[in-house]
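Notes to accompany the following structure.
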Amino acid sequence: MTKEEFTELLDRLGMGTSTAATAQALGVEVRSVQRYADGSRPIPDTLVLLLRMYQAHGLPEHLLVAGEPPRRASFAKTKRRIPLALQTRRV
């Protein structure tokens, strides 16, 4: 996807008005969206698939509500993190 296609698709989806809102909706940093739009960074295939999915099926409801940021999953923070490879399952 070229930078022109990227910005055109964002405009068509109604996501081209706010870089910060676009970044939050796509799950990337604001600077990344700016770099995709100016062509200094290639647009990842996974992001292209996500945008095409939005184009085909519409935006999720939480992205349609003006001023409402998308909700992110929150995970409880533990005091000590154990790498997944070192965790053992107890049966």
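The values are calculated or read from the model by the stated rules, or taken from the named source; none is laboratory data. Here the structure is a predicted model, which means the values were calculated and not measured. A quick note on method: Cβ atoms are made from the backbone with ideal geometry, for glycine too, and the neighbour counts reach across all protein chains shown.
Summary of values
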quantity: Failed item, numbered, when MET15 is tested on (1) at pLDDT 85 or above; (2) surrounded by 14 or more Cβ atoms within 10 Å (Cβ to Cβ); (3) not charged (D, E, K, R); calculated: (1)
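Here is a yes/no grid of residues against (1) surrounded by fewer than 10 Cβ atoms within 10 Å (Cβ to Cβ); (2) in contact with a Gly (Cβ under 9 Å, 6 or more places away or on another chain); (3) modelled with pLDDT under 60:
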{"residue": "LEU10", "(1), (2), (3)": "no, yes, no"}
{"residue": "VAL28", "(1), (2), (3)": "no, no, no"}
{"residue": "TYR54", "(1), (2), (3)": "no, no, no"}
{"residue": "LEU59", "(1), (2), (3)": "no, yes, no"}
{"residue": "SER74", "(1), (2), (3)": "yes, no, yes"}
{"residue": "ALA85", "(1), (2), (3)": "yes, no, yes"}
